[in-house]
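Structure, as structure tokens:
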Amino acid sequence: MGFKILGNELKNIPWEDKPSDCKRHVWRYQANPIIKRDAIPTSNSIFNSAVVPFQGKFAGVFRCDNLSREMNIHAGFSDDGINWNIDHEPIHLGGGLEKEIPFQYAYDPRVCFIDGTYYVQWCNGYHGPTIGLCKTDDFKTFTLLENAFLPFNRNAALFPRKINGKYLMLSRPSDGGHTAFGDIFCSESPDLVYWGRHRHVMSRAGGWMSTKIGAGPIPIETDQGWLLFYHGVLNSCNGFVYAFGAALLDLDEPWKVLKRPSNYLLQPSEIYECVGDVPNVAFPCATVIDAPTGRIAIYYGCADTVTGLCFTTAEELAKYFEES
Ligand code: BMA
């Protein structure tokens, strides 16, 4: 099959070549985790976080649970995408709307660059979990926008360009607890305020994704369709296990699934993925890509405690999609 990533060159993408003894399509950064749980003085854990190229370097929005275990999002900056300076204070959401939508909690951010602006989507506490949105140009000043949906919802990921003139966003309707179900839907908006034309994209399936699934990073445009990394959850006798895989969605109507292999790409196996505040969690929230080489670096939360980095390429994923 083979496919080509449509996007920018990123010469300074964080990168390690595939080890010669690696049998999988995704391989981990050897010095994982890249962000330790106590990387800032106030953090119990830093995981499920989003990163984007920014002004020739990198910026990000990080999920930091603090020492009283409140969940919040913090901005951070990096020269190389690996070593991060994360603000000790949470992001201040301004612009006026914060009086209408007072802060309760924030977690699992994704960051999407569209038409020159960075939009953050996260799970926002508003009488239960729903999807919060804000925008920034500099990762210093953040303007709060309307929540996209009613509670309960999680795992939102905007598409990185308008499709047929509209913003599209994936999300995962849920409940107010540790949701034992969940499928991915796609919603449309003319203005990032009013959302409708909700379409079912895909349901949980067998094995590693038998309990629930949720969109991971912002979808990546390729000549064969949108490349979506997504997490899937298996309910074992010892609790949930979060792994991730990938699917290809139609470019014009992304609620149509073109390819969806049944194998996972990465399953919690390393000690920092299997042991932590929530064991056995690999939860991807961001990628950075170098289109000419097809290189993809994936940022993922490990055991709800630390942040890891792993790698793949368009060539590897083409093989993965052929195996399905
Ligand atoms: C989900 C979210 C994620 C978390 C996962 C595993 O419901 O809370 O933030 O990584 O559970 O605990």
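The values are calculated or read from the model by the stated rules, or taken from the named source; none is laboratory data. Bear in mind that the values here come from a model prediction, so they are computed numbers and not experimental data. Ideal geometry is used to build each Cβ from the backbone, glycine not excepted, and the neighbour counts take in all protein chains shown. What goes into the accessible areas is simple: the full protein's heavy atoms, side chains included, and nothing from ligands, DNA or RNA. Shrake-Rupley method; radii C 1.70, N 1.55, O 1.52, S 1.80 Å.
Of all residues being part of a strand (DSSP E or B) and surrounded by fewer than 22 Cβ atoms within 10 Å (Cβ to Cβ) in the stretch 60-74, which is nearest to the ligand (Cβ to nearest atom)? Just the residue, please. I'd like the intermediate steps shown before the answer.
Initial filter on the stretch 60-74 (part of a strand (DSSP E or B)): 60-66, 71-74.
Okay, now just the ones that are also surrounded by fewer than 22 Cβ atoms within 10 Å (Cβ to Cβ), so 66, 71-72.
Values: ASN66: 15, MET71: 8, ASN72: 13 Å.
Across the stretch 60-74, the extreme among qualifying residues is MET71.
Taking interchain pairs and intrachain pairs at least six residues apart, which have beta carbon atoms under 7 angstrom, with the first residue in the stretch 140-164 and within 16 Å of the ligand (Cβ to nearest atom) and the second part of a loop (DSSP other than H, G, I, E, B) and of a type in the set (Val, Ile, Thr)?
ALA157/ILE218
Which residues, taken from the stretch 96-124, are farther than 20 Å from SER187 by Cβ, within 16 Å of the ligand (Cβ to nearest atom) and open to solvent by less than 50 Å² (accessible area, probe 1.4 Å)?
Within the stretch 96-124, ALA106, TYR107 qualify.
Could you tell me which of the residues VAL257, VAL278 is on the phi < 0 side of the Ramachandran plot and either within 14 Å of the ligand (Cβ to nearest atom) or open to solvent by 70 Å² or more (accessible area, probe 1.4 Å) (or both)?
Criteria check complete, one pass: VAL278.
If LYS23 meets every condition in (1) over 15 Å from TYR299 (Cβ atoms); (2) in contact with an Asp or Glu (Cβ under 6 Å, 6 or more places away or on another chain) apart from one, which number is that one?
Just one mismatch for LYS23, condition (2).
Listed residues SER189, SER236; which is polar (S, T, N, Q), under 27 Å from ILE163 (Cα atoms) and more than 16 Å from the chain's Cα centre (by Cα)?
SER189
Out of all the residues in the stretch 221-239, is one or more open to solvent by 10 Å² or more (accessible area, probe 1.4 Å), among the aromatic types (Phe, Trp, Tyr), modelled with pLDDT of 95 or more and in contact with a strand residue (DSSP E or B) (Cβ under 8 Å, 6 or more places away or on another chain)?
no
Conditions (1) out of contact with any Leu (no Cβ under 8 Å at 6 or more places or on another chain); (2) part of a strand (DSSP E or B); (3) over 17 Å from ASN235 (Cα atoms); (4) not polar (S, T, N, Q), marked per residue:
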residue	(1), (2), (3), (4)
GLU273	yes, no, no, yes
ALA282	no, yes, no, yes
ALA286	yes, yes, yes, yes
GLY301	yes, yes, yes, yes
CYS310	no, yes, yes, yes
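If you scan the stretch 160-192, which residues turn out to be open to solvent by 50 Å² or more (accessible area, probe 1.4 Å), part of a strand (DSSP E or B) and over 11 Å from ILE213 (Cα atoms)?
Selection gives LYS166 alone.
Tell me, please, whether a residue that is under 17 Å from TRP122 (Cβ atoms), within 16 Å of the ligand (Cβ to nearest atom) and either out of contact with any Leu (no Cβ under 6 Å at 6 or more places or on another chain) or in a loop (DSSP other than H, G, I, E, B) (or both) can be found in the stretch 49-58.
yes
Which of the residues belonging to the stretch 165-175 are farther than 20 Å from TYR119 by Cβ and within 11 Å of the ligand (Cβ to nearest atom)? Explain how you work it out, then say what you get.
Of the stretch 165-175, the ones farther than 20 Å from TYR119 by Cβ are 173-175.
Hits for the stretch 165-175 are SER174, ASP175.
Out of everything in the stretch 260-275 that is closer than 22 Å to PHE321 by Cβ and either charged (D, E, K, R) or open to solvent by less than 40 Å² (accessible area, probe 1.4 Å) (or both), what residue ends up being nearest to the ligand (Cβ to nearest atom)?
The qualifying residue nearest to the ligand (Cβ to nearest atom) is LEU266.
Can you find, within the stretch 292-324, the residue that is farthest from the ligand (Cβ to nearest atom) among those that are in contact with a helix residue (DSSP H, G or I) (Cβ under 9 Å, 6 or more places away or on another chain) and hydrophobic (A, V, I, L, M, F, W, C)?
ILE296
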